[in-house]
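Structure first, commentary second.
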There are 2 protein chains.
Amino acid sequence: MPEIDLDDPADPGSTAGPEPASEGPAISCVHPGWPVLTGRGEVLRSYALIMANTEYIQFFLTDLRVCVAGDTALVTCTENILSGGPAPQDGDELGPLVGQLVVATNVFRRTPDGWKLWSHHASPVLAETGDDEDEEPSS
Amino acid sequence: MPEIDLDDPADPGSTAGPEPASEGPAISCVHPGWPVLTGRGEVLRSYALIMANTEYIQFFLTDLRVCVAGDTALVTCTENILSGGPAPQDGDELGPLVGQLVVATNVFRRTPDGWKLWSHHASPVLAETGDDEDEEPSS
């Protein structure tokens, strides 16, 4: 019986059937306004890039909803984000703080090591939905 | 033993434990630029509203990725959307056609009745990622 190398980076991850618990299925991530990123390496690089350009960031989570079915959990929330970039003139002060309204859908898998994030999709809320149909953003 | 009314609209859906197979866990949906919609009723109303204001819509799906783990499937794709609104002057012709680049994360649950959509999250792609860090949209 052949051995399976769990650390083989050439394995793109199976698209069907059970996965080794220590690896799990391939993860995916969408940052607000970004295309889909797939795989742990690509996702970690994206966070490194974002954080390298972010001097300060704070998340205030609201509207949190958790829905569990079997070994999968779906978590939706609103991310009220306050962030600031690096100081414009290499000074000690932060760049201008910016507020962002983002909604996120997160999918977690229950593993022997606890709940692990499988998918994160975050997107900007461009307008409030209201009674006036004309105010609805189009899809 | 009390009977359970599966059609009870007052039941907001459980957030933990097994669900009746015919009902399943509460669904959620995010249209591009929208907040999170939760529950079948709210989601169906949103599609009725969108379609009432859309004379023509066509989806060209690319970058399709399917990842199955147990009874859950994660499907990501790019939606290349071509859509047109109603004619401006009640004429026979369509309103102007608009192209949109959207990415979607979909979560499906395997049920005795087949695969059912649990979560749909779609968001606009605001800029292409490239080698130039300054071109990356912020998160």
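Remark: accessible area buried at the B-A interface is about 4100 Å², both chains counted, probe radius 1.4 Å. Measuring from each Cβ of chain B to the axis that turns chain B onto chain A, the shortest distance belongs to B:Ser123, 2 (residue, then whole Å). When the accessible area of the range A:28-127 is split by element with a 1.4 Å probe, what percent falls to carbon and sulfur? Summing carbon and sulfur atoms, their accessible area is 55 percent of the total for the range A:28-127. If R0 is 30 Å, the Cβ-Cβ spacing of B:Phe60 and B:Glu93 corresponds to a FRET efficiency of close to 0.85. Rolling a 1.4 Å probe across all protein chains gives A:Val36 an accessible area of roughly 40 Å². Sorted from nearest, the other copies put their A:Met51 label points 4.5 nm away, the label point being 7 Å from Cα in the direction of Cβ.
Within the assembled protein chains, the solvent-accessible surface assigned to A:Tyr56 is about 80 Å², based on a 1.4 Å probe. A viscosity of 1.567 mPa s and a temperature of 4 °C, combined with the Kirkwood radius over Cα pairs in Stokes-Einstein, give a translational diffusion coefficient for the range A:28-127 of 86 µm²/s. With the label put 7 angstrom out from Cα along the Cα-to-Cβ vector, A:Val98 ends up 2.3 nm from the copy partners, going from closest to farthest. A label point on B:Asn80, set 7 Å along the Cα-to-Cβ line, lies at 4.0 nm from each of its counterparts in the other copies, closest listed first. Legend: residues in the range B:43-59 shielded by at least 10 square angstrom of accessible surface upon adding the remaining protein chains to the isolated chain (1.4 Å probe, heavy atoms) are B:Leu49, B:Ile50, B:Asn53, B:Ile57.
Based on Cα contacts under 8 Å between residues 6+ apart, the range B:28-127 shows a relative contact order of 27 percent.
The values are calculated or read from the model by the stated rules, or taken from the named source; none is laboratory data. Remember, predicted model here, so these are calculated numbers, not experimental data. Every residue, glycine as well, gets a Cβ built from its backbone with ideal geometry; the counts of neighbours run over all protein chains shown. Accessible surface areas use protein heavy atoms only, side chains included; no ligands, DNA or RNA. Shrake-Rupley method; radii C 1.70, N 1.55, O 1.52, S 1.80 Å.
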